[in-house]
Amino acid sequence: MSETGEQTQGIVVIVDDDEAARVSVAQMLRLRRYAVQAFSSAEAALAWPGLEEADCVVSDVKMPGMDGEEFLAEMTRRRFPLPMIMITGHGDVAMAVRCLKAGAYDFVEKPFEADVLVACVGRATERMALRREADELRRRLNVLSPEEHGRFGVVGRSRIIQDVYEQVDVLAKSNAPVVISGETGAGKEVIARAVHAQSPRCDGPFVPLNAGALPETTLESELFGHTRGAFTGAESERAGKLVTASGGTLFLDEIESMPQRAQLQLLRVLEDGLVQPLGGDRSQQVDVRLMAATKVDLQEEVRRGRMRADFYHRIAVLSLVVPALRERRDDLPLLISHFLKQAAVRNGVPTPEVTEKALLDMSRYAWPGNVRELKNSIERMVITACGGVAGPFTPDEANMAPRLLSLPATPGRLRDEMERTEMTVIDAVLRKNHGEITATAVTLGISRRALYERMKRYGLEKTDYRV
């Protein structure tokens, strides 16, 4: 925030021994909503306690005492990875080139247009925001303990997935049919299994069946069973999934694909609990809870005449929506860590490290294939790992568009996201350490003072975490 309370574009440090030039650049950037700290020497900038928290440094090359090249070397030695923009005179270009080779972000030659420097600062601050975002993601891969990863075997601690956990608790107490909706790959069956596992039917079977993957006759046979000779190829009697699931839960995926004749037959079973196999004349009593999953709006299916209204109202007594992965992006680090470890065990290799670029690519990807696509991508990265480093992130070809989120990649927006991530991590570690400041600071790798400042910023009180 700026001194006026407005959201800033970032914190820029200006270092120049020429007061007129220093004031001019500072004013130029402040007009563009940057917070500016100006210093007359590199030594003074290095002594500033807030230097590590800045987003960009704009430094003259030729200065008395420590010059720009030496300033960059000292920043590198101290491991301050701030992007540095070097301001050069006509005769300083050779030194600026050396600085670029040594790690400087860019250089601007005097005299320069204001928009040239502002654009360069904008690119540099955005790069710093992305780097910090990647650092936070990497930290969150390892900060939270396994018991903090989620509930019911579902990985996630975001607010939206915690709402789902609460709904699971409620649905588990009922015996009524449930429709679970959500995009392909979002984890509808995982949630259905969670409801079953928490319900009084947990000791009974959980029987899944994809209603959209089978021809009509085969689907009816799978559901209701058949007698010998009921149709061509029925060489022996077979019990259907409704009988197999008796005492437990039948999970029907892609319920919108079920033919209307099968809908009517299943509706009768749900009404009276009696199953009659294909080709048979005797019914069998069953006790089944139905959970159905869909990726479409079933009410729209009813309006279009593709689903019977009476069938819809019978199966949709209760409902639950599983959020898409892009709606629960706070869970990405947990999911990445979870799938990395799983894939490493499956492939018999140590858990590999993930590069900054891969983390950033994954954090900004839209994940149209949701959690399933993430799991498959991580599997590929582990299989192609080299030297303990996971392979590059490559989206599933079936989900190539859209690759990136349609969010403005502005430093202000990125900073909001980073602050939200930082608050989530601090909250989790404080909870784990029961509000102990020293232990929390050590875990996070920051000083007690820095931790207190962040807690004050986010309104976190240590007394709220004490048991």
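Residue-wise test of (1) touching a residue at least 60 places away in the same chain (Cβ under 8 Å); (2) surrounded by 17 or more Cβ atoms within 10 Å (Cβ to Cβ); (3) touching an Asp or Glu at 6+ places or on another chain (Cβ under 8 Å); (4) not in a helix (DSSP H, G or I).
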residue: Gln263; (1), (2), (3), (4): no, yes, no, no
residue: Val269; (1), (2), (3), (4): no, yes, no, no
residue: Gly280; (1), (2), (3), (4): no, no, no, yes
residue: Leu290; (1), (2), (3), (4): yes, yes, no, yes
residue: Ala293; (1), (2), (3), (4): yes, yes, yes, yes
residue: Ser319; (1), (2), (3), (4): yes, no, no, yes
residue: Ile336; (1), (2), (3), (4): yes, yes, no, no
residue: Lys341; (1), (2), (3), (4): no, no, no, no
inquiry  = Restricting to region 42-101, give me the number of residues that are modelled with pLDDT under 90 and of a type in the set (S, T, N, Q).
reply    = 2
Flag if Lys295 is modelled with pLDDT under 95, assigned by TED's automatic domain parsing to the domain that holds Gly204 and within 24 Å of Trp367 (Cα to Cα) = yes
query = Any residue at all in region 375-386 that is basic (Lys, Arg) and at pLDDT 75 or above?
reply = yes
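Report the residue count in region 67-99 for those that are hydrophobic (A, V, I, L, M, F, W, C), part of a helix (DSSP H, G or I) and within 21 Å of Leu46 (Cβ to Cβ).
Looking only at region 67-99, we keep the residues that are hydrophobic (A, V, I, L, M, F, W, C), and these are 71-73, 75, 80, 82, 84-87, 93-97, 99.
Pick out the ones that are also part of a helix (DSSP H, G or I) and you get 71-73, 75, 93-97, 99.
Filter once more, keeping what is within 21 Å of Leu46 (Cβ to Cβ): 71-73, 75, 95-96, 99.
Result for region 67-99: 7.
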task = Scan region 306-317 residue by residue and report those that are of a type in the set (A, V, I, L, M), closer than 28 Å to Ile160 by Cβ and part of a helix (DSSP H, G or I).
result = Ile315
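Residues in region 14-27: is at least one under 34 Å from the mean Cα position of the chain (by Cα) and closer than 21 Å to Glu109 by Cα? Don't jump to the end; show me each part of the working.
Step one: filter region 14-27 for residues under 34 Å from the mean Cα position of the chain (by Cα), giving none.
Looking for residues that are under 34 Å from the mean Cα position of the chain (by Cα) and closer than 21 Å to Glu109 by Cα, one finds none in region 14-27, hence no.
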task = Output yes when any residue across region 389-406 is at pLDDT 80 or above, surrounded by 12 or more Cβ atoms within 10 Å (Cβ to Cβ) and over 17 Å from Ala358 (Cβ atoms), and no when none is.
result = no
ask   = Exactly one of (1) among the β-branched types (Val, Ile, Thr); (2) over 23 Å from Glu356 (Cβ atoms); (3) modelled with pLDDT under 85 is unmet by Val143. Its number?
value = (2)
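The values are calculated or read from the model by the stated rules, or taken from the named source; none is laboratory data. Because the structure is predicted, anything quoted here is derived from the model rather than measured. Neighbour counts run over all protein chains shown; Cβ positions are idealised from the backbone, glycine included.
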